[in-house]
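None of the figures in this text is laboratory data; all of them are computed from the coordinates on show. Here the structure is a predicted model, which means the values were calculated and not measured. Glycine also receives a Cβ, built like all others from the backbone with ideal geometry; neighbour counts cover every protein chain displayed.
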Amino acid sequence: MITVDNLSLCINNKQLLKDISFSANKGDIIGVVGYSGSGKTSLLKSIVNIDKKATGKIEYSGKLGFLYQNAKNSIAPNYKIITQVCDGVGKLKLAKKLLGKLGLDDYKKSYVDLISGGQQMRASLAINLHREPNILLLDEPTANLDEKNTQLVVKELLSYAQKTDCILIWVSHDMKLMEKITNKIIHINNGTISEYTDTKRFFKSPSTKQGKDLLQPIPIKKNKNKTGDIITTLKNVALGYNNKPVIKDLSFNVSLGECVGLFGESGIGKSTIFRGIMGQLNPISGTIKKSDNIQMIFQDARGALNPKLTILDIVSEPLGNKYSAEEKKQKVIKILNKVGIDESRIFDKPNQFAGGECQRISIGRAFISNPDLILADEITSALDSYNKNMILKLIYDLQAKFNTAIIFASHDYEAIQSISHKVIKL
Amino acid sequence: MHKIYKYIIIMFFISMLVGALLPSQYYNDMDMLNRSASVSVNHLFGTDFLGRDIFFRMIRGSYNVGIIGISSILISLLIGGFLALLMSRKKTNWRYVVSGGIDILFVFPKVLVALILVAIFGPSIQIAIISIGIFFIPVFYRVIYLSSRSVWQSDFVASARLSGLSKYQIMFVHIIPNIYHIILAQCTIQFAIAIVSEAGLGYLGLSVDSSEPTWGSMMLDVQNSWFIDPYFAIPVGVAMVLTTFSFIKYSERIKNDNSR
């Protein structure tokens, strides 16, 4: 049983949460949904109240557990997995059983850096379940996982919740999953609860407009293929390291206004092609003719923004020295409006933005100097399906506006097909 | 009380300033009637075996020590830091040459460097600065090399390159702000080490010429009059311990503030 009363959170004069009140009974599975940056993660953190900045009353009985989205950072790197699951001294039998159930039998004696992302999340889950919490807070546990791992994690969580009447408070973007497993939905908008109802009712008819938007997938119409001049040509290119080709005999053209999809599993050499086009890597054979005005968008949006600079400095960087400070600022504000970042935040640093927002800023930065060619390297892979659709739509809109050529690399065929005019399978 | 190290650091710099402006008769005049005198109103910490005022010698000494510390850090930071920033950029064969040279420098004892230089030029404050500076180059090179290498490989540097920034622009806009706190913490800790290093050199008579006091040369004087006046060691020793401790503590503070 948990009761949250008038919970508010204010950091650096910014109201992140305002008057959040709700309560949940034993056995409830509550889904917390909302836009990226609306305060879902802040809500979970305030319930735990690690940094004691939240105000309001929180009452609960039993133990709290917290499963982080980034499992790797929540597991100490220097201890064996099994040691951490049983906290060094706890019930070893239960720990072994949990790891067995989660398919980690072979990795008991391993360390967190040596196992894959999905295994890390399962290990983190085992650590949490071993403590037998009565309330478990989950911060997008399945966002970075593939289908198989997602099913494993969800199944284990649900069976635990059923067995112990544990309350799950589950933050997620995955609407299909939320509809399937939760019995109540909290819809957060701008730091306040805009709706708290049964799952069935929420998915049948959300009472607010934002709720309706949340449920609708964004339809993407394909650009009309109005191609211009050829910008970049690859002819019989072989690329690789130490004279060992990773890519052999690759030829294609990219013209202005065209989007070329590069489809292939991770590790097949998509990034190598990009390094060749950027000029960081010389081709072993063949020729690459390219434009000088190239920008790139990366998979890890946060890593692509210098944490010490303000958004204004980051986004205006490609403009060079041609413009005055005031002109630069105007241009930055204009492009940020297009990608949906509020202009009052131009002096914020990247760590004040959510993951999806960081990717928008990267996109704005790539488009600001009106480049001929944009290389997009798995830009939607780290995002949840909701953010993915938003980003794809954004890229689509901006491309139509700026008439830029895009090479879009991904292992997600659906995403590639939705925006590219031709697809190259590697 | 737990932030006392801050006040000690401030006091050190104030005493450095006062020491810079202090006329030489205060710390060099010999009061022959009061040799090896104990604490009194005229001589706050007493006098040494030549009748010179210990308090003023300590203040002047802090100025000399501070100048040696700051200058040697500046020299090593500029040389080692610049080399490290350049070498961490790309995998080139130059990297092995420079790293090898730095490693050779690292195994070269600073006392030996100082001895060679003193043998050629005679003892002076510049010699102390250069020999401690050379001794610090490998430390700064390694720290900055390791921390900047990961920044050079980050995505935001890649996109800065695509935007046409030169390598020096990238250094100042992207690399240095991201390793700034590491450099600052290292400088602070090196300052503490510089004080101790100077004491070592001064004790061997390799630091400054005899007209100027430093904490190291005062330690040498203590040894000469050890049986007559052992008390003389206490003020300098305490000052040295407190100052080095405070700087090390402060460097830890910088590290902790930025690792959150």
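Other residues lying with their Cβ under 12 Å from the Cβ of B:Ser225 contribute a combined charge of -1, Lys and Arg counting +1, Asp and Glu -1. Counting neighbouring beta carbons within 10 Å and listing from fewest to most, the residues A:Val315, B:Val118 come out as B:Val118, A:Val315. What whole number of Å gives the distance from the Cα centroid of the stretch B:241-260 to the Cα centroid of the stretch A:252-284? What the calculation gives is 48 Å, centre to centre. Can you give the angle from 0 to 90° between the axis of helix A:92-101 and the longest principal axis of chain A, with both taken from C-alpha atoms, to the nearest 10? Helix A:92-101 and the main axis of chain A meet at about 50 degrees. Pairs of Lys residues in chain B that lie 8 or more places apart, or on two chains, and have C-alpha atoms under 30 angstrom apart add up to 12. Once both labels are positioned 7 Å from their Cα atoms along Cα-to-Cβ, the gap between A:Tyr323 and B:Phe245 label points is 5.6 nm.
Modelled label positions at B:Val39 and A:Asp19, each set 7 Å beyond Cα in the direction of Cβ, lie 6.5 nm from each other. Inter-chain neighbour count for A:395-407: the average number of beta-carbon atoms from partner chains within 10 Å of each residue's beta-carbon is 0.
Relative contact order, whole percent, for the stretch A:2-215 stands at 29, derived from Cα pairs under 8 Å and 6 or more residues apart.
Spin-label model, A:Asp105/B:Ile10: points 7 Å from Cα along the beta carbon direction are separated by 6.6 nm.
A dipole drawn for the stretch A:230-425 from +1 and -1 charges on Cβ atoms has a positive end, and of A:Tyr396, A:Ile368, A:Ile379 the residue lying farthest that way is A:Ile368. Sorting B:37-44, A:114-121, B:108-115 by average packing, meaning the other beta carbons within 10 Å per residue, from highest down gives A:114-121, B:108-115, B:37-44. Seen from B:Tyr168, the other residues with C-beta closer than 13 Å to its C-beta sum to a net charge of +3, counting Lys and Arg as +1 and Asp and Glu as -1. For the stretch A:42-76 versus the stretch A:344-420, the spacing of their alpha-carbon centroids is 31 Å. Positive end of the dipole of the stretch A:2-215 (Cβ unit charges, origin at the Cα centre): among A:Thr164, A:Thr208, A:Met175, the Cα lying farthest that way belongs to A:Thr164. Only helices reaching 30 angstrom along their own axis (Cα) with mean Kyte-Doolittle hydropathy no lower than 1.6 count here, and for the DSSP H runs of chain B these are B:54-87.
Over all other residues within a Cβ to Cβ distance under 10 Å of B:Tyr5, the charged ones net out to +3, with Lys and Arg as +1 and Asp and Glu as -1.
Each peptide among A:100-113, B:129-142 gets the average number of other Cβ atoms lying within 10 Å of its residues, and from highest to lowest they stand as B:129-142, A:100-113. Once the Cα atoms are used to define both axes, helix A:117-130 deviates from the longest principal axis of chain A by about 10 degrees.
When the charge dipole of the stretch B:52-258 is built from unit charges on Cβ atoms (+1 for Lys and Arg, -1 for Asp and Glu) and taken about the Cα centre, the candidate among B:Leu83, B:Ile134, B:Ser72 whose Cα reaches farthest toward its positive end is B:Leu83. If r is the Cβ-Cβ distance from A:Leu426 to A:Asn6 and R0 is 60 Å, what FRET efficiency results, to the nearest 0.05? It comes out at approximately 0.65. The value of relative contact order for chain A, using C-alpha pairs under 8 Å at least six residues apart, is 17 percent. Using Cβ point charges alone (K and R +1, D and E -1), the dipole size of the stretch A:2-215 about the Cα centre works out to roughly 320 debye.
Relative to the Cα centre, the charge distribution of the stretch A:174-322, modelled as +1 at Lys and Arg Cβ and -1 at Asp and Glu Cβ, gives a dipole magnitude of about 380 debye. Past the 22 Å Cα-Cα mark, which pairs from A:Lys93/A:Lys180; A:Lys52/A:Lys184; A:Lys40/A:Lys212? Where the Cα-Cα span goes over 22 Å, the pairs concerned are A:Lys93/A:Lys180; A:Lys52/A:Lys184. The magnitude of the dipole of the protein assembly as shown, with charges of +1 and -1 set on the Cβ of Lys/Arg and Asp/Glu and taken from the Cα centre, is near 2180 debye.
Counting only alpha carbon atoms, the long axis of helix A:325-339 and the longest principal axis of chain A meet at about 60°.
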